[in-house]
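Remarks on the structure that follows.
The values are calculated or read from the model by the stated rules, or taken from the named source; none is laboratory data. Remember, it's a predicted structure, so these values are computed and weren't measured experimentally. Please note: Cβ atoms are built from the backbone with ideal geometry, for glycine as well, and neighbour counts cover all protein chains shown. Accessible surface is based on the protein model in full, side chains and every heavy atom, while ligands, DNA and RNA are left aside. Shrake-Rupley method; radii C 1.70, N 1.55, O 1.52, S 1.80 Å.
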Amino acid sequence: MTFGPKGSDSSSRSRGLFRADLHVHSRHSGPGHLRRSGGRAGVGDPLAIYHAAMARGMDLVTLTDIDTIDGCLRLRDSLPDATDVVVSEEVTTRDPRTGRFYHVLVWDLSESQHREVAALRDDIRDLAGYLRQEGIVAGLGAGPGDSGAGIWSDPEGPSVLALFDRVEVKSGAHGRRHNEVGARLAQARGGRTLGLTGGSCAHGPARVGRTCTVARAASVRQFMEALRAGRTWVAGEDGGVWALTRDLSSSLVIGYRDRPGTLLSLPIDLVQASLRHGFRHARQAVRVRRAGRELDHQDVVNFQQKARTYGPGESTPGRHTADAS
């Protein structure tokens, strides 16, 4: 699905649709993926990201910087009259039962709610309970091996997934196969219908808006209501190892530009960061293939079990009798 700039005949609004990239990082984001190299998860100025998102037809703009809302607040200060900016963040939290870390995307929260969220980060169950109590819309940013969480192979994975009503199933940081398997696993392990979200996971203006969440809505309020009710779907591009590697390399370059005395070590750190990310992507690919095979096997088992419920005179789904031919 391709949209033109906001206000054009091919824009989402002209089709009765409303879309937003619900996973974006700016230069205010925490270290994230580049913690060991001293980099930042995002490199873009919030205002530059806003204009890039608008140019790609987004109807709402938000930043999900890691464990901070400073980028969103900066954007609101720059655009005091804007009605299409929502304060959000990506919260790094953990499950004390297993020690695993998870990323939770939290949208449309206040400064006081952000402070409460920060205080509850050490326990994903306490965090999820607070978000539900406050009626804050949130979703689990999850995929096979995403951020090392390993939710799909974690024995506690289903119980963690049960804490949320939404899950990110299309990320511009992952390839098509990764996203497809993640969506199938969310539905298989969730045991219920989950709201779906998508975002570019852009680390600056370059890829923002290329992957997004879509709803039938005519305003920010209606879009948030649709997101809350699970009436959303995902659209746009899948990603891959090279797209995110370019983002992370740019983050490193910006970080070293701010520390000119250490420029000599930049090439080494660029290579090391690229290799780490490449190995991480390879490990994720193995998990994705394994999870995909398990899902395919389970589909076969489910079909065989269902086929046994048919009587001798009944045809199984997809099977045609000689008379019918």
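Brief remarks on what is shown
- Residues that are within 13 Å of residue 20 (Cβ to Cβ) and either within 16 Å of the chain's Cα centre (by Cα) or touching a residue at least 40 places away in the same chain (Cβ under 8 Å) (or both), drawn from the range 43-76: 49, 53, 54, 56, 57, 58, 59, 60, 61, 62, 63, 64
- Meets criteria (over 13 Å from residue 163 (Cα atoms), loosely packed, with under 15 Cβ neighbours inside 10 Å and at pLDDT below 95) for residue 145: no
- Close pairs from the range 196-222: first within 10 Å of residue 20 (Cα to Cα), partner among the aromatic types (Phe, Trp, Tyr) and open to solvent by 10 Å² or more (accessible area, probe 1.4 Å), Cβ under 7 Å, at least 6 apart: 214/233
- So residue 78, is it on the phi < 0 side of the Ramachandran plot, at pLDDT 55 or above, crowded, with 23+ Cβ neighbours inside 10 Å and of a type in the set (S, T, N, Q): no
- Residue 54 meets each of the listed conditions (1) closer than 16 Å to residue 203 by Cβ; (2) at pLDDT 55 or above; (3) touching a strand residue (DSSP E or B) at 6+ places or on another chain (Cβ under 9 Å); (4) not charged (D, E, K, R) apart from (1).
- Checked across the range 214-228, the condition of being among the hydroxyl-bearing types (Ser, Thr, Tyr), open to solvent by less than 50 Å² (accessible area, probe 1.4 Å) and modelled with pLDDT under 90 holds for no residue.
- Scope the range 77-116; condition without any contact (Cβ under 8 Å) to a residue 24 or more places away in the chain, closer than 17 Å to residue 221 by Cα and not small (Gly, Ala, Ser); matching residues: 81
- Odd one out for residue 83, checked against (1) under 18 Å from the mean Cα position of the chain (by Cα); (2) surrounded by fewer than 24 Cβ atoms within 10 Å (Cβ to Cβ); (3) under 25 Å from residue 229 (Cα atoms); (4) not charged (D, E, K, R): (1)
- Residue ID - nearest to the chain's Cα centre (by Cα), chosen from residues in the range 285-320 that are open to solvent by 70 Å² or more (accessible area, probe 1.4 Å) and at pLDDT below 70: 318
- Filter result for the condition that a residue is open to solvent by 10 Å² or more (accessible area, probe 1.4 Å) and modelled with pLDDT under 55, over 27, 36: 36
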